[in-house]
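Student: Below you'll find the structure I mean.
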Amino acid sequence: MGLRITVDIFSGRSNPTWEIQDQDQAHELIRLMARNRAAVAEVSSGFTGLGFRGIQVEITDDLDTAGLPAVFEIAGGGSRDPFTGAEVAERLLETMPVGRLGEGGEGGEGGEQRPAEGDADSATLDGSYPEDFRESVREEIRRTAREGAGGATTIEPAESGGISEADAAEVEKQLQTLVHRAALACAYDVTPYNPAFWNRPDTQPHNNCYNFAVNRRTNTFAQPGRAHGYTIPRTVRCGEVSTGAQRDGLRFWGNCQPPGSLRYVVALVTGTFPGNFRDYHWYRLHPGGIWAHKPGGTPVRDVDNSGIRITNPYTCDRRPYNEWCGLFQTHHSLVIR
């Protein structure tokens with residue numbers, strides 16, 4: 001081993017991650033990055049919204065690091081030289097094991113890289129990643145460089161699942177009722193927006209959108225249903241994610257939780273990435289009708305991908321999570337892992 005490479009792109013599921021096992025190759029890449037320190041940035045120092053957020057590099061063995069930090073980011077919008085960062089990131093991306101979705105046993109291109117242990121849910125059946133997914137990441141790397149620091153943008157979503165005016169009006173009506181607490185069938189709780197708790201170094205990388213939405217820090221990158229023996233299928237459809245969430249103790253909004261506390265209102269969305277990778281994302285309601293969220297292992301935020309404060313998770317810029325799954329309610333008795 002030596003290097004662990006991660007494409008920081010998903011919110012709920014584990015990110016595509018693989019390891020460089022060949023020591024000579026690992027040393028070569030370390031020297032490349034050391035020669036181009038202007039391309040190296042702190043993790044989460046650039047774009048931290050939904051979609052592509054850069055390539056993360058972790059030096060996993062006791063190697064000659066050439067002065068590089070143990071963990072850092074390339075091509076996420078935070079480096080001093082985004083064009084050099086793009087060149088280095090593309091070189092790292094070339095090491096991604098590539099195959100076809102559903103292909104088995106061949107292991108993709110090259111024999112020196114493999115998905116990291118525990119990250120199989122983000123890989124294809126043969127332990128590799130589709131070529132069109134890698135190409136879409138390469139385009140995001142180049143786009144980030146063109147738009148400069150902090151200019152990373154998300155992969156465009158599929159055409160299906162767009163905003164329906166009728167649905168938008170219905171969701172807006174629900175949200176206004178929530179904010180004003182008028183004629184509510186179910187009581188619910190809110191807590192002040194407190195990103196500092198979630199953005200600590202010992203918490204931020206290990207908890208995802210689901211942890212934040214239900215306000216439970218587990219440091220396990222919690223998955224809906226995992227604590228109760230349920231695994232979300234690769235198709236990651238609304239009903240499949242909500243099945244896991246309901247096994248954990250969540251309920252659809254309107255099916256009131258019993259008396260208690262931590263009865264937060266949360267919203268679920270899903271979406272498709274190139275290569276037919278699917279993922280989910282959650283939001284949580286805060287006082288004043290503001291919604292906040294935590295894209296994967298990045299900092300908590302209350303703005304969407306356009307930098308606009310979120311007052312409606314249905315109509316906000318949440319590309320590529322363009323499928324609306326509805327509102328849910330949590331409870332203090334739920335268990336997640």
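Student: For an R0 of 41 angstrom, estimate the FRET efficiency from the Cβ-Cβ distance between ALA168 and SER261 and round to the nearest 0.05.
Tutor: 0.85
Student: Which of ARG80, ARG134 has the fewest other C-beta atoms within 10 Å, and how do the rest follow up to the most?
Tutor: Ranking ARG80, ARG134 by Cβ neighbours within 10 Å, fewest first, gives ARG80, ARG134.
Student: At a threshold of 8 angstrom on Cα-Cα distance, excluding pairs fewer than six apart, so keeping six or more, what relative contact order does the range 165-329 reach in percent?
Tutor: 27
Student: Once you order the gyration tensor axes a ≥ b ≥ c over the Cα atoms, which shape class does the range 165-329 get: rounded for a/c under 1.5, otherwise prolate or oblate by comparing a/b with b/c?
Tutor: Judged from the Cα gyration tensor, the range 165-329 comes out rounded (a/c under 1.5).
Student: List the residues, sorted by chain then number, that are 5 or more residues from HIS331 or on another chain and whose placed amide H is less than 5 Å from its amide H.
Tutor: TYR264
Student: Still on this structure, I have one more. When the chain is treated as a GNM, springs tying every alpha-carbon pair under 10 Å, which of GLN56, GLN204, GLN25 comes out with the largest mean-square fluctuation?
Tutor: So, out of GLN56, GLN204, GLN25, the one fluctuating most is GLN25.
Student: Can you tell me which of GLU172, GLU140, GLU73 moves the most in a GNM of the chain? Springs connect C-alpha atoms under 10 Å apart.
Tutor: In the Gaussian network model the winner is GLU172.
Student: Can you tell me which of SER128, SER242, SER306 moves the most in a GNM of the chain? Springs connect C-alpha atoms under 10 Å apart.
Tutor: Comparing SER128, SER242, SER306 in a Gaussian network model of the chain, the most mobile one is SER306.
Student: Follow-up question, since we're still on this one. Using only helices, what value at 222 nm comes out for the chain when you add -39,500 (n - 2.57) per DSSP H run of length 4 or more and divide by the total residues, to the nearest 500 deg cm²/dmol?
Tutor: So the calculated ellipticity at 222 nm is -7000 deg cm²/dmol.
Student: What whole-number distance in Å separates the alpha-carbon centres of the range 163-221 and the range 1-78?
Tutor: 31
Student: Before anything else, pin down the relative contact order of the chain: Cα pairs under 8 Å, at least 6 apart, normalised by residue count, whole percent.
Tutor: 19
Student: Show me, for the range 67-74, the HN-Hα J-couplings you get by feeding each phi into the Karplus relation (A = 6.51, B = -1.76, C = 1.60, θ = phi - 60°), rounded to Hz, glycine and proline as x.
Tutor: Taking θ as phi minus 60°, the curve returns x, 7, x, 5, 9, 7, 10, 10 Hz for the range 67-74.
Student: Can you sort CYS238, CYS325 from fewest to most other Cβ atoms within 10 Å of each residue's own Cβ?
Tutor: In order of increasing Cβ crowding within 10 Å: CYS238, CYS325.
Student: Tell me, in nm to one decimal, what length is gained between ASP61 and ALA187 on full extension, where the rule is 0.36 nm per residue of separation less the Cα-Cα distance?
Tutor: 40.2 nm
Student: Sticking with this structure for a sec: Can you give me the span-like helices of the chain, meaning DSSP H runs with 20 Å or more of Cα extent along the axis and Kyte-Doolittle mean at or above 1.0?
Tutor: none
Student: With volume of the Cα convex hull per residue in Å³ defined as stated, name the option among (1) 165; (2) 187; (3) 126 computed from the structure displayed.
Tutor: (3)
Student: Sort by residue number and report every cysteine in the chain with no other cysteine beta carbon within a distance under 4.7 Å.
Tutor: Singleton cysteines: CYS209, CYS316.
Computed from the coordinates by the stated procedures, all read-outs in this text should not be read as laboratory data. These numbers were taken from a predicted model, which means no experiment stands behind them. Reconstructed Cβ throughout: ideal geometry from the backbone, glycine too, with neighbour counts over all protein chains shown.
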